[in-house]
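Everything below concerns the one structure shown next.
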Amino acid sequence: MRMRTAVAASLLVLAAGCASESPAAAPDEPVTIKFQSLAWQKESIAANKELVAEWNKANPKIQVEYIQGSWDNVNDQLVTSFEAGDPPDVIHDDSPALSGFANRGYLLDVKDKIPAELKSDIPQPAWDTVTFGDGKGGQGVYGVPFLQESQVTIANKKLLEAADVRIPTPDSPWTWDEFAEISKKLTKGDTYGVAWPMKSPVNKVLNLSLNFAGTFFQTDGAGKTTVKVGAEEREVLQRIHDQLYKDKSADPSALGMGSADPLPGFYAGKYAMLPAGVYLRQQVVEQAPDGFEWITLPPLKGVSSEQGAVSQTLSVAADSKYPEQSLKFISFFLNGANQVKLAKGDWLLPTSVKAAADPAMTVEENGWNVATASAKSLVVAPFLKVNGFDEWKSKVATPTLQQYFADKITIDEVAKKLVDEGNQVLERYNK
Amino acid sequence: MGKALRYLALAGYIVFLAFPLVWLLSTALKLPQELASLHPTWIPRAPTLTNFTDAFGEQDLVGSGLRSLVVAVACAVLTVILALPAAYALARYRSLVNRIAIGWVLVSQVFPFILIIIPLFMVLRRLDLVNTLPGLTVVHVTFVLPFALWMLQGYVRAVPRELEEAAAVDGAGRIRSLVSVVAPLLAPGVVATLLFAFISSWNEFLFALIVLKDPDVATLPLTLVKFTGAEGVVRLGPLAAASLLATIPSLLFFAVIQRRLKSGLMAGAVKG
């Protein structure tokens, strides 16, 4: 994927400038803006299309054309569109992708263009996830954050009740120590207490490490960023490793799985608990066998329950001929009531304060109350701002963490690799 | 006993070949609960067409399938038209230039195909072919052509030169000899090359992703990928249903063309 992106970018740099300019519409002339959505679940696509239809009906002079993209290749596709000079006007993506796009001048800085009502409805920590350098020494806001994901634990209710363990609440979550003890208690016969799917371990570990104030990166006064793996950063790593090899309360065979892969084993009672993003609840609702009882448990607590936040975003392309119209559409699309529909469709958390207070977001059914409350734990993920994080993640962190979780290297070796090899990578970006 | 074993081996081979298709069908007919079972079943417990209706309802499968079909057929035909004369020349006329050309065809296979997209894209931009099916066809022909050329020149070599000489002795001119003697013997090779080019183009994703940005011109692989979400989570049922439908044109194309493959093997081999 990375090679594809690089090649696509390089080829299109060569071709840039060939893009033909079409004249902008006169002020009163109807315009059509292109909105590329990455909705992919049935309910989410329906919600997106419904809102677009609603907008089009009410705004005959600003028509929105719905285009469906795909998470699997969106950034390859966007790079080509940006370089060829014809990107969609309104772009759905996630906040980590925006940093590079902003740096290259592909996205419009919407800092002073967001309507006050929308701005105040979304808390500052969410805005922080879309605030990046503009590549010229300044800072800008390059999207409107609207859906966020937190890590919760999805658990087999009957197994928890049978083990007679305390059910945590958002106000009184489990600590990591409690979680470890309960995982051991739940490990019986063919059932493991927990499954840690670690096919892509980096974001999960980095986000959870904030529970112990582990940031993994530090930036000095001169703006130079280096990797840091101290006691705080080792906590979550060591605890997961202990569950796998010391307590033997986590199933090692789940390590190579992707996020949703352990679900069949979870339904079959092979694991009692599954740490997962809140969105995975949708899969459970859709797939769980009749009579299967499950519960959503709030984020774990270390020294705090803080987790790194990544937002889904709507941005406006810098090349858009209709930036004002695009922002008007975004303001409508992401108002409180509409964020409720979008969050329900994607089983994620709305950034809108109004949306989060909606009764639909706080019902007990399917763990919405716990999921919505978990948004309070979200803070901007430190790695989001690190130039070169993507390369560090793919070339250094992913293989190193996979080796560690496979018990092939020690935690000291992990720390050394992440720092030494990681700093070599970051050195290039610090110049 | 020997015959029975041969049939058994053949049956085993057919089962092996059919497995992915049967599994795809089985998956496409299952409800999400059954798909998420730890104990997969061959025959769906409660067969459903929901996955098909979802797949069709959410994505323009017919439109993108038709566009893929147009591109794949055009790619197959153009590839053969371009490769056939070149393959004949390479196989029949031995010279230093030909040897270098064959060597270059082989060497070109060593490079990642992605490298050719750079000059191709520049050409496509100048010709205003980006975001068009003809543009994608040009790209597909370009990446299929070297191997097709290599395949075809092998088939040409397999046609005995003596047959052409015998035709000449019988008074056939060069064109007549090519049309009446060589062409029927080359038919299996041409058919195999058509199939190779068709399937390569039908399944191609990366170049389509780069060349086609407008959803109104998306081909089938670009549409299928929309059933995958973030973090590799896949909507398996609709994806299986859509993928099953995506295999049908290839199967039909093969079913139609394989008769030619067999008849081509027989035709023209015996001088009457």
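The values are calculated or read from the model by the stated rules, or taken from the named source; none is laboratory data. None of these values were measured; they are calculated from a predicted model. Quick reminder, even Gly has a Cβ in these numbers, built from the backbone with ideal geometry, and neighbours come from all protein chains shown. For accessibility, only protein heavy atoms count, side chains too; no ligands or nucleic acids. Shrake-Rupley method; radii C 1.70, N 1.55, O 1.52, S 1.80 Å.
Points worth noting:
- For A:Asn335, residues with placed amide H under 5 Å, excluding near neighbours: none
- Ellipticity estimate at 222 nm from DSSP helix runs (n ≥ 4, -39,500 (n - 2.57)) divided over chain B, nearest 500: -24000 deg cm²/dmol
- Take every Cα pair under 8 Å whose residues are at least 6 apart in sequence, average their separation, divide by the length of chain B, and the relative contact order is 30 percent.
- In segment A:32-92, inverting the average of 1/r over every pair of distinct C-alpha atoms gives 12.2 Å as the Kirkwood radius.
- Viscosity 0.890 mPa s, 25 °C: Kirkwood-radius Stokes-Einstein D of segment A:14-167 over Cα pairs, µm²/s: 132
- Per residue, the convex hull spanned by the Cα atoms of segment A:157-268 amounts to 129 cubic angstrom.
- Net dipole in debye of chain A [+1 Lys, Arg Cβ; -1 Asp, Glu Cβ; about Cα centre; nearest 20]: 520
- Amide hydrogen proximity for A:Ala309: with H placed 1.01 Å from N in the peptide plane, the residues at 5 or more positions away or on another chain lying under 5 Å are A:Val379, A:Val380, A:Ala381.
- Solvent-accessible area buried by pairing A with B, both sides, nearest 100 square angstrom, 1.4 angstrom probe: 3200
- Relative contact order, percent, chain A [alpha-carbon distance under 8 Å, six or more residues apart]: 24
- Along its three principal directions, the equivalent ellipsoid of segment B:76-191 from the Cα gyration tensor extends over semi-axes of 32, 16, 11 Å, largest first.
- Each of B:Val15, A:Val152, B:Pro238 was scored by the projection of its Cα onto the charge dipole of the protein assembly as shown, and the greatest displacement toward the positive side belongs to B:Val15; charges sit on the C-beta of Lys, Arg, Asp and Glu.
- Relative to the Cα centre, the charge distribution of segment A:164-244, modelled as +1 at Lys and Arg Cβ and -1 at Asp and Glu Cβ, gives a dipole magnitude of about 280 debye.
- Whole-number Å³ per residue for the convex hull built on Cα positions in segment B:1-76: 147
- A simple charge model with +1 on the Cβ of Lys and Arg, -1 on the Cβ of Asp and Glu and nothing else charged puts the dipole of segment A:69-154 at about 280 debye relative to its Cα centre.
- Using alpha-carbon coordinates, inclination of helix B:236-266 to the longest axis of chain B, degrees: 20
- Prolate/oblate/rounded call for the protein assembly as shown, Cα gyration tensor, a/c under 1.5 rounded: prolate
- Descending semi-axes in whole angstrom, ellipsoid equivalent of segment A:230-302, from the Cα gyration tensor: 25, 15, 11
- Bridgeable aspartates and glutamates around A:Lys354 (alpha carbons under 17 Å apart, same-chain partners fewer than 8 residues away excluded): A:Glu117, A:Asp121.
- Along segment B:9-15 the Karplus relation, 6.51 cos²θ - 1.76 cosθ + 1.60 evaluated at θ = phi - 60°, assigns HN-Hα couplings of 4, 5, 4, x, 5, 5, 4 Hz to successive residues, with x for each Gly and Pro.
- Protein heavy-atom accessible surface, 1.4 Å probe, per residue over the protein assembly as shown: 45 Å².
- Each residue of segment A:356-368 is assigned a 3J(HN,Hα), and the resulting list reads 5, 8, 5, x, 5, 8, 10, 5, 6, 3, 6, x, 4 Hz, derived from the Karplus form 6.51 cos²θ - 1.76 cosθ + 1.60 (θ = phi - 60°), x at Gly and Pro.
- Across segment B:179-242, Cα pairs under 8 Å and at least six residues apart give a relative contact order of 19 percent.
- Total lysine pairs in chain B at Cα distances under 24 Å, for residues eight or more apart or on different chains: 4.
- Calculated P(r) of segment B:1-151 - Cα pairs past 27 Å, %: 56
- With Cα atoms as the point set, chain B shows a radius of gyration and Dmax of 22.8, 72 Å.
- Rg and Dmax of segment A:363-409, Cα atoms only, in Å: 16.7, 45
- The orientation-averaged projection of the convex hull spanning the C-alpha atoms of segment A:141-185 amounts to 4.9 square nanometres.
- Accessible surface of chain A, 1.4 Å probe, proportion on carbon and sulfur as whole %: 51
- Burial of accessible area (probe 1.4 Å, heavy atoms of protein chains only) in segment A:197-229, relative to its chain alone, reaches 40 Å² or more for no residue.
- Within the straight-line cut-off of under 17 Å between alpha carbons, the aspartates and glutamates reachable from A:Lys385 are A:Asp93, A:Asp94, A:Asp109, A:Asp128, A:Asp134, A:Asp220, A:Glu427, sequence neighbours fewer than 8 places apart in one chain being disregarded.
- Accessible surface of segment B:88-233, 1.4 Å probe, proportion on carbon and sulfur as whole %: 70
- Surface calculation, 1.4 Å probe, protein heavy atoms: B:Phe254 sits at approximately 100 Å² accessible.
- With the largest listed first and rounded to whole Å, the semi-axes of the equivalent ellipsoid of segment A:333-425 from the Cα gyration tensor are 39, 16, 10.
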